[in-house]
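Just below is one structure, and these are the notes that go with it.
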Amino acid sequence: MCMLNLLIVEAALETIPKSLWNHPAVKKHAAIKKKDPSEILLDRSYHHSAMLKLKNSIKRGRPDLIHFSLLEACSTPLYLSNLLKVYVHTINDMVIRIGEMVRLPKSYFRFEGLMEQLFKQGKIVSNNNILLEMRNMNFSELITQIKPSLIIGLSRIGEESTCQKVAKELSSRENSVVVVGGFPKGHFSKDISSHFDHLYSIHKLSLEAHTVIARIIYEYEKQIGISH
């Protein structure tokens, strides 16, 4: 069967930048967590005032969006059938590869701790199996590694289409890639979108990443016959 690669890109997932370590909001949060600021995820819920002057701040500090998206993707029949590979490309050009049959924590606080551990150690291993692995890698390098036959990006500003049509096109190729933004606001950077074969919009409204992922994967499953 065809393999689908899901890339959640420019994801708002990172540890607190060094320039913010001494900000009062960051120091307060670090003290509560009893961790060094360098080991904590940047989170707008806690660090909004510190992020105001941060470059490209509207696309940063929302690790909860990535949590929702990964839970959605990794609980689908497609993923559980080993027909979906999932990658997270962060806004700072780190790439997280999700292993096979990984059960991510449903609790956000446990997910947060897991991601902080991943940023610190570079990988999460259980029973000699690599569950999560992080590498310093930009989007272009990731595409070179995957060697896809088709790359489709999904964005509100893309060409109007439907989930069914996009899924049909994706399933017509052996090793296709669907790209979803992992940020709360804004659009794909040119460094990302320049790699797309097509950029489609599946709804007139601006849908959140996890909703887009759920709809596309379901339609893809129907196309290849594993929806039941």
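The values are calculated or read from the model by the stated rules, or taken from the named source; none is laboratory data. Please read all numbers here as calculations on a predicted model, not as lab measurements. No Cβ is skipped: glycine too gets one built from the backbone with ideal geometry, and neighbour counts run over all protein chains shown.
Mind listing just one residue for me: the one in the range 142-198 that is among the charged types (D, E, K, R) and touching a strand residue (DSSP E or B) at 6+ places or on another chain (Cβ under 6 Å) and, of those, nearest to N5 (Cα to Cα)?
R173
For the range 84-116: of the residues being out of contact with any helix residue (DSSP H, G or I) (no Cβ under 8 Å at 6 or more places or on another chain) and in a helix (DSSP H, G or I), which is surrounded by the most Cβ atoms within 10 Å (Cβ to Cβ)?
So the residue we want is L114.
Given the conditions (1) without any contact (Cβ under 8 Å) to a residue 60 or more places away in the chain; (2) assigned to a helix (DSSP H, G or I); (3) not acidic (D, E), and given that M134 satisfies all but one, which numbered condition is not satisfied?
Condition (2) is where M134 drops out.
Examine the range 34-53 for a residue that is closer than 14 Å to G181 by Cα and surrounded by 14 or more Cβ atoms within 10 Å (Cβ to Cβ), and state whether such a residue exists.
The answer is no; no qualifying residue exists.
Testing E10 on (1) over 15 Å from the mean Cα position of the chain (by Cα); (2) touching a residue at least 12 places away in the same chain (Cβ under 8 Å); (3) not in a loop (DSSP other than H, G, I, E, B), one condition comes back false. Which one is that?
Failed condition: (1).
Test of understanding: among I124, I66, I98, which residue is in the same structural domain as I151 (by TED's automatic domain parsing), at pLDDT 95 or above and more than 27 Å from S189 (Cβ to Cβ)?
Answer to the selection: I124.
Could you run through the range 164-218 and say how many residues are part of a helix (DSSP H, G or I) and either outside the structural domain of I8 (by TED's automatic domain parsing) or not aliphatic (A, V, I, L, M) (or both)?
Qualifying residue count for the region: 12.
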